[in-house]
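One structure is given here, and the rest of the page talks about it.
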4 protein chains.
Amino acid sequence: MEPAATLVALLHGPDQPGLVAKTASWIFARRGNILHADQHRDMEAGEFFQRIEWVPSAGSAGAEIAEFNAFAASLGMVARVASSAHRPKGALFVSRADHCFHDLLLRGVAGEFAGDFTCVISNHPDLAEAARHYGLPFHLVPVTAGDKAAAEANQLRILREVGAEFVVLARYMQVLSAEFLHALDRPVINIHHSFLPAFAGGRPYHQAHARGVKLIGASAHYATADLDEGPIIQQDVARVTHRHSVEDLIRKGRDLEKSVLAQAVRWHLENRILIYGNKTVVFD
Amino acid sequence: MEPAATLVALLHGPDQPGLVAKTASWIFARRGNILHADQHRDMEAGEFFQRIEWVPSAGSAGAEIAEFNAFAASLGMVARVASSAHRPKGALFVSRADHCFHDLLLRGVAGEFAGDFTCVISNHPDLAEAARHYGLPFHLVPVTAGDKAAAEANQLRILREVGAEFVVLARYMQVLSAEFLHALDRPVINIHHSFLPAFAGGRPYHQAHARGVKLIGASAHYATADLDEGPIIQQDVARVTHRHSVEDLIRKGRDLEKSVLAQAVRWHLENRILIYGNKTVVFD
Amino acid sequence: MEPAATLVALLHGPDQPGLVAKTASWIFARRGNILHADQHRDMEAGEFFQRIEWVPSAGSAGAEIAEFNAFAASLGMVARVASSAHRPKGALFVSRADHCFHDLLLRGVAGEFAGDFTCVISNHPDLAEAARHYGLPFHLVPVTAGDKAAAEANQLRILREVGAEFVVLARYMQVLSAEFLHALDRPVINIHHSFLPAFAGGRPYHQAHARGVKLIGASAHYATADLDEGPIIQQDVARVTHRHSVEDLIRKGRDLEKSVLAQAVRWHLENRILIYGNKTVVFD
Amino acid sequence: MEPAATLVALLHGPDQPGLVAKTASWIFARRGNILHADQHRDMEAGEFFQRIEWVPSAGSAGAEIAEFNAFAASLGMVARVASSAHRPKGALFVSRADHCFHDLLLRGVAGEFAGDFTCVISNHPDLAEAARHYGLPFHLVPVTAGDKAAAEANQLRILREVGAEFVVLARYMQVLSAEFLHALDRPVINIHHSFLPAFAGGRPYHQAHARGVKLIGASAHYATADLDEGPIIQQDVARVTHRHSVEDLIRKGRDLEKSVLAQAVRWHLENRILIYGNKTVVFD
């Protein structure tokens, strides 16, 4: 038997006494059954955060979502409610590197995600055939120095046509403009390498190798106008030694990028991530 | 300003609709302010678990604890409520090895624990001087083959005199009898090494080295009649290679034992651990 | 420019003074250039282990291999020498689970291995189409209760026809008989889950979940007559909590199995693993 | 029986054919017995690195060291040779924080280091009593804004009097001047926190918390004129979530600082670290 569809609400707002009781009582009064409820308080910011998942009693999920939103607003909270019956559609942006591309699509096939990738957009033709093998339409949108705006307009048109509800940059090697992100107005998840210390400029694995770092890392974050500086979702590191060549670092980096990005996408689709300011609360 | 004293309830019992709402509403109705509330459902066992921490309104914490317990019982739940104003007294059992001993006592001095060690009990005199340096009474209770029962009676008497509310076995090299644990009726936290695969018999680090394992581990658990098989609280591992000697494994094992045991003690004293059956739910 | 072909020797035998000097001088006298030389001594066993990689001077690599083997024998050592110009052919055994299958083949395509998978053998038809997509012949060899010997004879015939030099069991769910392993006489790398404590019997992830373990693990090892007990190559763990369902444990287990098995295969193909007794020395 | 004293040479210089053979043969010709020999080539820099440990035949270790140095120089190499019979004397610099202080001294007592701390220097009186408990002289050298040069002259005098061969900055909260480091001319090991991304300015744990990082880290390095940017010896990270307060981050940071610094000191004293340029080769 399929598990019953659930609703997941992510809400936050100024802290006040009684919030846990009020949300739980609201659901209980409507004979919903709470499966998970996780709260967090940012003591310094005086902000309350909650993820609450429940099985609604018989009735229209759509109506319950609208009513919960109104209820949350009455508490001064911002809420986002999703039904597990709805599987968000996503678009995958790639360039030439295929490791995150295959990793995400294979995990999708394995049922690891509560959403579906429905198209691939790339500035290079390399992964066209592979995308088709996964049964996905592949859109080639070249980006050249002078016509980035035109390319982004094209990307935006495609995303709207397919009704993309989220975007994953799976080693897409172009910076998305602030205008694009603003016009899209959908969450965009990105992955990039991270080092201690940080390295500016190109060829960071070469720089890390030259510096003799003992750890290399990767961070997944939501893309914002400032590309590498959006709210961090997940980070991980791998240990390296002088025995590792630059190529070894790049290979280990690929593994980190795959696992960190997949984890971020999974959490996003399970509605586990609340963004506020420039940080995230991940209810894992 | 000191933060206000809080109450922490750990409760569990058969799952039923409305539990989150009921406990939160009970606290809200008494004008308490919930700081943290974390729930868990064991779907297979149909069991509900909750840790809830709140600042009670003015009034007697003692009365509120008694009333909450009665309330939880009315819901068919078993509850344990503690006040942050109360710092539990603990006894440290040691033998000759001193790494966990120093680690725990230094962490205590650094303020990492929400409780206090108030005496040291050992079957060897080695750590007497060191215990006194930490300002702790040291009780030498030798255990010889024939008189274990007498030794345990002696230990029990000491623990009752100091009013020990928990015991930590910091590499105490004697097995405590089921009778002792039953008579004591207080939580006893133990630490031991863990390996993949497991090794029976003596000198486990030597066995692990001979087997060429690539990881060594340590597990902290509550002691039960079957010493190494009580509910697991925390586990960790360290990577080893053929370059590591048996002595290196033992040294790395000490570091694991220190950090894993300290984490378990910290969680225990913050009332984050619910035991049921032979497992734990750790609300970290 | 392609890097020059190198020779890698793995040798071991009774320790004696001068071994490092003798092997290095042998190579130097023939105007070879040592790139890496790594030694290990098992002090207890009195055994010497070495991995040495060098660029031979112009001349026949085949002749140099034969001469090095004779030289090692004259020192009382057992040697195995491989040329980087030779890429070993491997066979992949699978059943229904496809995570290690895809992971290994995609890493092969990405150039992470110093060898090539050249066929897939399975007791189930599920992965036939996927194997063909990677351009690999797929051999269905069903194994039923009564005819295991016939199936193994069939597998052996296929392996000999393709000239398989190593076998990887990528979640192949059948036990290979001691007779098969003896007749094959080629290294067989296997992957299996590992837990602290260990669990006997079926459905280990369910048992681990019921036991409340805080870590789950995976181990790659060479298959021997006693399937899960051969020399360990690599191990890794992932952290789990009560929040993780059995399905989460299985998913995390898949990730561990992929990365641990891939690491073991990479090391094997780079001639980094020396087996002696029931353990390995991994020159990483 | 005590193991025989060994010699450890760390050498590096321009790569050339035959170096492994030449060093090994030099030792063998003098009837030394090589216990460990580990080489590394930095292909890009064309540099050769070696750590070689041997039991010299009967005779003067002092003479053998001088002769080896001359031999290495004849190969165009820089060598540093140490005898395991010599335990270097170290000085511990501290301020108020005591976690690394206790950790290092307890590890010393436990025999984890191949050297000895022989004095404590601090700009605060807080740890005077604790130092005496470990049997170590405690030197209070206050550092005020205007008289740093005088304080450093004082520190230098103390270090020369005790014959300090290495210095460990165990959370010493003053920057050592380039002049001091130059005049001292002994290795100085420092520990500091590391974050992804990096945070400039004060109160880094507060900044990391505000940024919502998922990992915090610590790095041990040799101090150079540019304090936090010397050659990295070891790095490690710990995972954090939104549930962790700034105090939790600081506590976890202490644990990282302890273990990373101790590992760096251990490697240094075992002559496992070769510095060249601004990086290290760690023969672990």
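Here are some notes:
- Two-site label geometry, B:Val162 and A:Ala73: point separation in nm, points 7 Å out along Cα→Cβ: 6.1 nm
- Scaled radius of gyration (Cα, divided by 2.2 N^0.38 Å) that the protein assembly as shown gives: 0.98
- Rolling a 1.4 Å probe over the protein chains gives C:Leu136 an accessible area of about 20 Å².
- Helix axis angle, B:19-29 relative to chain B longest principal axis, alpha carbon, degrees: 60 degrees
- Here D:Gly76 yields copy-to-copy label distances, from shortest upward, of 3.8, 7.5, 8.4 nm, the label point defined as 7 Å from Cα along Cα to C-beta.
- Protein heavy-atom accessible surface, 1.4 Å probe, per residue over chain C: 40 Å².
- Against the rule of thumb 2.2 N^0.38 Å, how large the Cα Rg of chain C comes out: 1.10
- Computed E for C:His133/A:Tyr276 - FRET, C-beta separation, R0 60 angstrom, nearest 0.05: 0.85
- Electrostatic bookkeeping for A:Val240 treats Lys and Arg as +1 and Asp and Glu as -1; over the other residues with beta carbon under 10 Å from its beta carbon, the sum is +3.
- Shape call, segment C:1-106: gyration tensor on alpha carbons, a/c limit 1.5: oblate
- Average beta carbon contacts from partner chains per residue of B:17-30, 10 Å cutoff: 6
- Semi-axis lengths, Å, segment A:157-203, gyration tensor of Cα atoms, sqrt of 5 times eigenvalues: 27, 11, 9
- Cross-link pairs exceeding 30 Å between alpha carbons, from the set A:Lys148/C:Lys258; A:Lys252/C:Lys214; C:Lys258/C:Lys279; A:Lys22/D:Lys252: A:Lys148/C:Lys258; A:Lys22/D:Lys252.
- Counting Cβ atoms of other protein chains within 10 Å of each residue's Cβ and taking the mean over peptide D:32-41 gives 6.
- Amide hydrogen neighbours beyond the local backbone of C:Gly32, cut-off 5 Å, H modeled: C:Ser57
- Measuring r between the beta carbons of A:Ala58 and C:Ala4 and using R0 = 51 Å, the FRET efficiency lands at 0.10.
- Extension gain, B:Asp126 back to B:Gln16 (0.36 nm per residue minus Cα-Cα distance, nm): 34.2 nm
- Principal semi-axes in Å for segment C:51-170 [√(5λ), Cα gyration tensor, largest first]: 34, 19, 11
- Separation between Cα centres of segment B:8-84 and segment A:203-252, rounded to whole Å: 44 Å
- Helix-derived mean residue ellipticity, 222 nm - over chain A, DSSP H n ≥ 4, -39500 (n - 2.57), to 500: -10500 deg cm²/dmol
- ³J(HN,Hα), Karplus 6.51/-1.76/1.60, whole Hz, each residue of segment D:128-134, x for Gly, Pro: 4, 4, 4, 4, 4, 4, 7
- Close amide H partners of C:Ile121, meaning residues 5 or more places away or on another chain with modelled amide H under 5 Å apart, are C:Leu92, C:Phe93, C:Val94, C:His139.
- Inter-chain Cβ neighbour count for D:106-115, averaged per residue, equals 2 (cutoff 10 Å, partner chain atoms only).
- Sequentially through segment D:137-143, phi angles give Karplus couplings (6.51, -1.76, 1.60; θ = phi - 60°) of x, 10, 10, 8, 10, x, 10 Hz, Gly and Pro residues having no value and appearing as x.
- Between D:Arg30 and B:Glu247, the FRET efficiency from the beta-carbon distance, with R0 = 22 Å, is close to 0.15.
- Amide H to amide H distances under 5 Å link B:Arg171 with B:Ile191, where only residues 5 or more positions off or on other chains count and H is placed in the peptide plane.
- Percent accessible area from carbon and sulfur atoms, segment B:60-195, protein chains only, probe 1.4 Å: 57 percent
- Interface B:A - total buried accessible surface [probe 1.4 Å, Å², rounded to 100]: 1600 Å²
- Calculated from backbone phi, Karplus (6.51, -1.76, 1.60) coupling profile of segment A:249-254 in Hz, x at Gly/Pro: 4, 5, 4, 5, x, 4
The values are calculated or read from the model by the stated rules, or taken from the named source; none is laboratory data. Because the structure is a prediction, the values reported are computed rather than measured. All Cβ positions, glycine included, derive from the backbone under ideal geometry; neighbour counts span all protein chains shown. Areas reflect the complete protein model, heavy atoms only, side chains present, ligands, DNA and RNA absent. Shrake-Rupley method; radii C 1.70, N 1.55, O 1.52, S 1.80 Å.
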